[in-house]
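K.L.:
The structure is given below, and queries will be raised subsequently.
Coordinate-derived values only; no laboratory data. From a predicted model like this one, the values you see are computed outputs, not experimental measurements. A quick note on method: Cβ atoms are made from the backbone with ideal geometry, for glycine too, and the neighbour counts reach across all protein chains shown.
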Amino acid sequence: MNKKIILRYAVGPIGASILGFITLPIITWFYSIEDVGRVSMLQVFTSFTILFFCLGLDQAYVREYHSAPNKPLLLKSTLLPGLILSVIFLFVIYFYDTTIISKWLYEIPSTYLSILTILCFIVALISRFLSLVIRMQERALAFSMSQLLPKLLFVLLILSSVWFGFSKNIYTLITANVLSIFFVFIIFLWNTRQDWIISFRYKLEKEQLTKLFSFGLPLVVGGLATWGLNVMDRLFLRALSTYSELGIYSVAMSIAAVAAILSGIFNTIWAPMVYKWESEKSVDLAKIDDISESVLAIIYFVIVLSGLFSWVIPYLLPKQYEVIQFLITCCLIGPLFYTLSETTAVGITLSRKTKWSMFASIGAMLINLLGNYILVPQFGAMGATAATAIAFWSFFILRTEFSKLVWRNIPVIKSYICVTGLTFCAVMSMFFLSTDLLAFICLWLVLLIVGFFIFLNTIKKLIVQIRMSF
């Protein structure tokens, strides 16, 4: 994959992150902290719908794409089963009680919010598969625009609602969110029209479906466990704490998502690229190790620098969000350690031993469940942040060890020392240095200096590569 394509892939995550960073202060200043927490529940269960009703077939599509002779049929075979199942399931629930979805997610009995939520779930599910078509065809700019434009629309909708004096409540936020998701759906439909229109010509093949399900279904359990790993914190905050704590945590994670644009870019490119190498019989193990080392170095410095400059956050948000400056380093651990695990656990998918990904996800989810159960009632958002950071640390260790088991002996000493040190410092500084900002900053300054010694050779290699690129 050449540099031009990588840059085009980067446009979407970077642009969406910038727009998200612009939107976040607007929402926190004009909408209540409880409504911010409620919107996070929509995002949580949208991701659940995608994971559950994809039936693991989205990953099967990516895995089989380069070897499939009939790609439109592959799209139909992977999209249709989950779409039919989701439509039946959601409408059965709706006709049982038209307000039950709204009551459960937002604690507001509203048929309007329930209909919007169902629409959001179904459209997001279809968009997931259509985005994979663009991604696998390496239409990088189209993929990036589909990420960027919905964020732009959301910003415009929020600004318009404030400008024209619309009610600043959960109804406005949910409506704006769903409209932005629907907009990306229309873009995906247009950009993939040649693929999904052609797919109507073909009938599903039992043999192909069996092959796809044999790969995908084990990933459903693992996917749900990964979903639980990602959202367990919000569920416990909703059940055992308050919407205010949930709102604080949601904003902290939103800031972390902006800072972790590296994850979005890398995860988009990495898996299809490795599968392509395999299909071309050109997998270079030394190259994979070098990439893993570079990713580790970048993640280390991103987390350390976030701790050094977290004092900026209180200047951007209302006073009730001030504690986020001490949460942010822990919040970054989840998405960044997941990205790092993608480089070390690639052997699991290359060997098609996907059950090991499931075991890693389940193990980390159980750790997250226990951590949230113990910490959230007493520490609220801070407890949820610590539990999630520790869970993702264990997730990285488990995925890496399972990859070593089914693939090859990966060099892990440096990565284990770094991820353990970062997790320990992030959690301890959050609990014990949140009343001493100077000591908090000094800790991350020391870690920055240590990092230059640990990754000196890697930094030199990256500088040489950057110079060669220009």
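K.L.:
In percent, how large is the relative contact order of the chain, given Cα pairs closer than 8 Å and 6 or more residues apart?
P.N.:
20 percent
K.L.:
Additional query: Starting from the Cα of Lys287, draw a straight line to each of the lysines and keep only those under 18 Å, dropping any in the same chain fewer than 8 residues away.
P.N.:
Within the straight-line limit of under 18 Å, Lys287 reaches these lysines: Lys3, Lys276, Lys404, Lys414, Lys460, Lys461.
K.L.:
Can I ask one more? Name the trypsin sites (Lys or Arg not before Pro) in segment 199-270 that are in a loop by DSSP and that have at most 13 other C-beta atoms within 10 Å, would you?
P.N.:
Hits after loop and neighbour filter: Arg201, Lys203.
K.L.:
Next question. For segment 402-470, which trypsin sites (Lys or Arg not before Pro) are both in a DSSP coil and crowded by at most 15 other Cβ atoms within 10 Å?
P.N.:
Listed in order of number, the matching sites are Arg408.
K.L.:
Could you work out the longest stretch of the chain that avoids the GluC sites (Glu not before Pro) located in DSSP loops with at most 15 other Cβ atoms within 10 Å?
P.N.:
Between the exposed loop sites, the longest stretch runs 323-470.
K.L.:
Starting from the Cα of Leu85, step 7 Å along the direction of its Cβ; do the same at Trp104; then give the gap between the two resulting points in nm.
P.N.:
1.7 nm
K.L.:
I'd like the FRET efficiency for Ala239 and Asn70, computed as 1/(1 + (r/R0)^6) with the beta carbon distance as r and R0 of 60 Å, rounded to 0.05.
P.N.:
For R0 = 60 Å, the calculated efficiency reads 0.80.
K.L.:
Taking 45 Å as R0, compute the FRET efficiency from the Cβ-Cβ separation of Lys414 and Lys211 and round it to 0.05.
P.N.:
0.70
K.L.:
So which trypsin sites (Lys or Arg not before Pro) in segment 250-344 are both in a DSSP loop and have at most 12 other Cβ atoms within 10 Å of their Cβ?
P.N.:
Lys281
K.L.:
Listing Trp163, Trp190, Trp196 from the residue with the fewest other Cβ atoms within 10 Å to the one with the most, what is the order?
P.N.:
Listing Trp163, Trp190, Trp196 from fewest to most nearby Cβ atoms yields Trp163, Trp190, Trp196.
K.L.:
Determine ³J(HN,Hα), in whole Hz, for all residues of segment 195-210 in sequence, where each value follows from phi through the Karplus function 6.51 cos²θ - 1.76 cosθ + 1.60 and θ = phi - 60°; x replaces Gly and Pro.
P.N.:
7, 7, 5, 5, 4, 5, 6, 9, 9, 5, 10, 4, 5, 5, 4, 4
K.L.:
Separate question: Just add up the charged neighbours of Asp58: K/R +1, D/E -1, any other residue whose Cβ is under 11 Å from the Cβ of Asp58.
P.N.:
+3
K.L.:
Next question, about the same structure. Report the Cα centroid-to-centroid distance between segment 331-348 and segment 360-417 in angstrom, as an integer.
P.N.:
If you average the Cα positions of each part, the centres end up 11 Å apart.
K.L.:
Any idea what the dipole of the chain comes to, in debye rounded to 20, about its Cα centre with Lys/Arg Cβ at +1 and Asp/Glu Cβ at -1?
P.N.:
Charge dipole of the chain: 1200 debye, to the nearest 20.
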